[in-house]
1. Just rank 7, 19, fewest to most, by other beta-carbon atoms within 10 angstrom.
2. Can you tell me which aspartates and glutamates have their Cα less than 17 Å from the Cα of residue 71? Leave out same-chain residues fewer than eight positions away.
3. What distance in nm lies between label points placed 7 Å from Cα along the C-beta direction at residue 82 and residue 16?
4. To the nearest 20 debye, what is the magnitude of the charge dipole of segment 1-62 about its Cα centre, counting +1 on the Cβ of each Lys and Arg and -1 on the Cβ of each Asp and Glu?
5. Relative to 2.2 N^0.38 Å, what does the C-alpha radius of gyration of segment 19-84 come to as a ratio? Two decimals please.
Amino acid sequence: MLHGRKTASGERYDMNELTAAHKTLPFGTRVIVRSLQTGREVAVRIVDRGPHLKNRIIDLSHAAAAALGIKGHGISEVQIVQQMPARPAAGELAPRSASPQ
């Protein structure tokens with residue numbers, strides 16, 4: 001079981017949070033994932049690297065799979081429908097863009 005173990009981003013995996021693993025997206029990136037079976041969508045935050053198997057695009061937490069109605073299916077067809085920039089963590093300042101001089 002992975003619950004409580006450190007992820008590649010350094011935070012602890014919590015199977016009850018809406019998180020996911022992706023091979024290349026930056027940590028903290030938020031994506032909306034749609035189940036092609038149920039039509040449901042959920043927003044998740046990328047916290048780890050994976051999946052490490054060919055032809056898979058994302059690994060979802062238990063909570064995310066449950067929200068999509070696919071928990072217990074093992075493998076399910078999903079689509080990443082939107083990417084959103086990472087939100088700053090609590091107490092962290094959002095990055096500023098440089099002002100022209």
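1. Ascending number of Cβ neighbours within 10 Å: 7, 19.
2. Leaving aside aspartates and glutamates fewer than 8 places away in the same chain, those within reach of residue 71 are 14, 17, 41, 59.
3. Once both label points are built, they end up 2.8 nm from each other.
4. 200
5. Relative to the rule-of-thumb radius for its length, segment 19-84 sits at 0.98.
Readers should treat all values here as calculations from the given coordinates under stated rules, not as data from a laboratory. In this text, all values refer to a predicted model and were calculated from it rather than measured experimentally. Here the Cβ is made from the backbone with ideal geometry for all residues, glycine too, and neighbour counts use every protein chain on show.
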